[in-house]
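Q: Supplied in structure tokens, the structure appears directly below.
Please treat every number below as a calculation from the coordinates, not as lab data. Quick caveat: nothing in here was measured; it's all calculated off a predicted structure. Ideal geometry is used to build each Cβ from the backbone, glycine not excepted, and the neighbour counts take in all protein chains shown.
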Amino acid sequence: MILAVLFGVLSPSGARVPRLLGVLVFSLALWVLLAMSLSGNPWPSLVGRWPRYEGLLTLGLYLAIFVVGAKLLGGSGSLPRWRVLRLSLAAVSLPLLVVSVLESIGLRPLGGGLDDRPGATLGNATDQGLVGLIIAGVLSSQSSAEEGWQMWLRRAGLAAGASVAILSGSRAALFGLAMVSLYVAILWMRSRNWSGFRTVLGAGAVTAGFAVAVFIVPATRERLLSAGTVDGRLLLWDRSLALIADHPLFGVGPSSFVDALPAYLNDDWARRVGDTFPTDSPHNWILQALAAGGFPLLLLALTCAGTAVWFVRKRLVETQDPELKRYLVITGVAVLAYWIALLTHFTSIGTTALVALLCGGLVGRDSDPVASTMVRPQAVASLSTFGPLLQRVGGIIFACVCLAVAIPATLAEWPMSAGAQAARTGDPEGADKAFQLSHSLRPWDSDTALLAAQAFAGPATTGDRLSAQHAVEWARLVREATPHSQEAGLALAVGYIYNGDLDDAKELLDELLAEAPSSTSLFVQRGVANFGLGRTSESIDDLQRAATLDPTLDTPWRILSAIYQRTGDAGAAQAAMERAEALSP
């Protein structure tokens, strides 16, 4: 994405973002920066957090790609560049489909476990589906200039994009694809002067065909018929609204949701969702804006969206070329489908950057030719003369700064992977050296230390004292940057317990449970710490509380069985083990 921005700013001057919209977007960016600065973790909020890292670099890229999209795809002379974009999207959809198909039949060419949802090259199933939806949408309009291999490439790309969306099993992507498919079908029928009744029948046939295509894929059909994630999403929105109600003006800051949410989770959340995978987003772009920057950020975002729609409508009126107008209309529908899909998902670089490019292309306008002939003050004339040069120099500087951060951060992935592997295979010293190297390449990222602490916490529970010591060291480093991180606190508590620092573990777990009173994992670990401190009754209470919070979890019962065995209650030990085996044979 950084290289795309670099090539975009170096390309010949083209269209631009309308000034009014530019001012609004700039105001939105300033408010985001203010919310970052006022958050509980200013530096991690500024640089971004794992796994999406939507800090200054990523958010800056969204904005820069939006400007590049306006420059390349905006204006009256952009038709040739839209054709190139369509061919490019058609080409990249083919390898994306290959990986998606391989993952759908159980293979994992890019890694991951068999129990993971397929994510192809995007790493996330819904992201994969959304990219497929966008590609299919942009390619669904025919071109009068297509012939030979270009026509067949576009058709193949259209089929591949739609197939990628279907194979993802994402409800959001499938709804968006259905919306685009139905719109394109109705346009086609109207172009052939079908009657109203015949159009309704045709729309019904398209809907039925789409349903058959979706339900013929076993994994997609199974996911659509499951209501588990829907229930969890509704509960997440309810808890997110409780958080937002306490932070209406500035929110909790970008990238701080993952630390702030646990205080608002309740017993219902623990029972229905659990705390195995901490949530870093409300999975709804409206709630995401409210959580990141409060009601002012949402108001600015809606104002930008409304202004952009007005400029798109104005451009459609002004566009004379029918083919370009078709491209703009169908791209607008695909972008709308994406934003509707984000009512149940989150933004990420893999999807939002592409949409930012398209949004820039939709609103981009030609420079005002009249303004260039007006008599202006010398300073304004000089600025107009050197403006394009300043933009290119600024773009180059921005790209170089971003690359200076991104290249070492990318290189850090190799020692991170090696460290995680070494920790799993019982080589804590080798793992620590690898993590140290990774941290030196990515010193700004507190989550490098978090992943290291979590990697050591697992082996520590098996009695590896050295892993426990390393877990403590890395978790303390995380807590310095993000003192309210429940994940870091849990890893630190585990390290304390298996390093023999039971009093420190008990004190820390008391603090963590005061902040997140419905965390099953914290109750389990405090139960272990209390037993080590000789507080058997308190330990049993904690473990029974954990078992009540998450009735599907076998760990509390296994630990209870061991405790009852130690205290000589063989009957209770056997009963607890039977409960554990029933939950996880």
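Q: Excluding residues fewer than 8 places away in the same chain, name every one of the lysines whose C-alpha is closer than 21 Å to that of Lys71.
A: Straight-distance partners of Lys71: Lys314, Lys325.
Q: Something else: Subtract the Cα-Cα distance of Leu403 and Glu581 from 0.36 nm times their separation in residues, and report this length gain in nm to one decimal.
A: That pair, Leu403 and Glu581, stretches by 58.9 nm at full extension.
Q: Now for a different question. Decide, for the chain, between rounded, prolate and oblate: order the square roots of the alpha carbon gyration tensor eigenvalues as a ≥ b ≥ c, take rounded if a/c falls under 1.5, and otherwise choose prolate if a/b is larger than b/c, else oblate.
A: Judged from the Cα gyration tensor, the chain comes out prolate (a/c at least 1.5, a/b above b/c).
Q: Note the full-extension length gain between Trp310 and Leu241 as 0.36 nm times their separation in residues minus their Cα-Cα distance, in nm to one decimal.
A: Contour length minus the Cα-Cα distance gives 21.8 nm.
Q: Please arrange Ile216, Ile286 by how many other C-beta atoms lie within 10 Å of their C-beta, fewest to most.
A: Ranked by crowding around the Cβ, least crowded first: Ile216, Ile286.
Q: For a footprinting-style exposure proxy, rank Leu114, Leu261, Leu235, Leu299 by other Cβ within 10 Å, fewest first.
A: Ranked by crowding around the Cβ, least crowded first: Leu114, Leu299, Leu235, Leu261.
Q: If each residue's Cβ is checked for other Cβ atoms within 10 Å, how do Lys506, Lys325 rank with the fewest at the top?
A: Lys325, Lys506
Q: Under the definition of Cα pairs under 8 Å and six or more residues apart, what whole-number percent is the relative contact order of the chain?
A: Dividing the mean separation by the residue count of the chain yields 17 percent.
Q: Taking a cut-off of 14 Å between Cα atoms, list the aspartates and glutamates near Lys506, but don't count ones fewer than 8 places away on the same chain.
A: Glu538, Asp542
Q: While we're here: In whole Hz, what ³J(HN,Hα) sequence does segment 279-285 give by Karplus (6.51, -1.76, 1.60; θ = phi - 60°), x for Gly and Pro?
A: Karplus values, whole Hz, x for Gly and Pro: 8, 10, 7, x, 6, 6, 5.
Q: A further question follows. Which shape class applies to segment 1-86: rounded if a/c is under 1.5, otherwise prolate when a/b exceeds b/c and oblate if not, where a ≥ b ≥ c are the square roots of the Cα gyration tensor eigenvalues?
A: prolate
Q: Next question, about the same structure. If contacts are Cα pairs under 8 angstrom and at least 6 residues apart, what is the relative contact order of segment 57-143 in percent?
A: Relative CO of segment 57-143 lands at 19 percent.
Q: Any idea what the relative contact order of segment 130-193 is, in percent, if you count C-alpha pairs under 8 Å spaced at least 6 apart?
A: Computed over segment 130-193, the figure is 44 percent.
Q: Continuing with the same structure: In the chain, with Lys and Arg counted as +1 and Asp and Glu as -1 at Cβ, which of these residues, Leu357, Pro18, Leu437, has the Cα nearest the positive end of the dipole, that is, farthest along it?
A: Of Leu357, Pro18, Leu437, it is Pro18.
Q: Moving to a separate point now. Quote the charge dipole size of the chain about the Cα centre in Debye, to the nearest 20; the model charges only the Cβ of Lys and Arg (+1) and of Asp and Glu (-1).
A: Rounded to the nearest 20 debye, it is 3120 debye.
Q: Moving on. Looking at Val164, Thr307, Val131, which one has the Cα that reaches farthest to the positive end of the dipole of segment 2-367 (charges on Cβ: Lys, Arg +1; Asp, Glu -1)?
A: Among Val164, Thr307, Val131, the one farthest towards the positive end of the dipole of segment 2-367 is Thr307.
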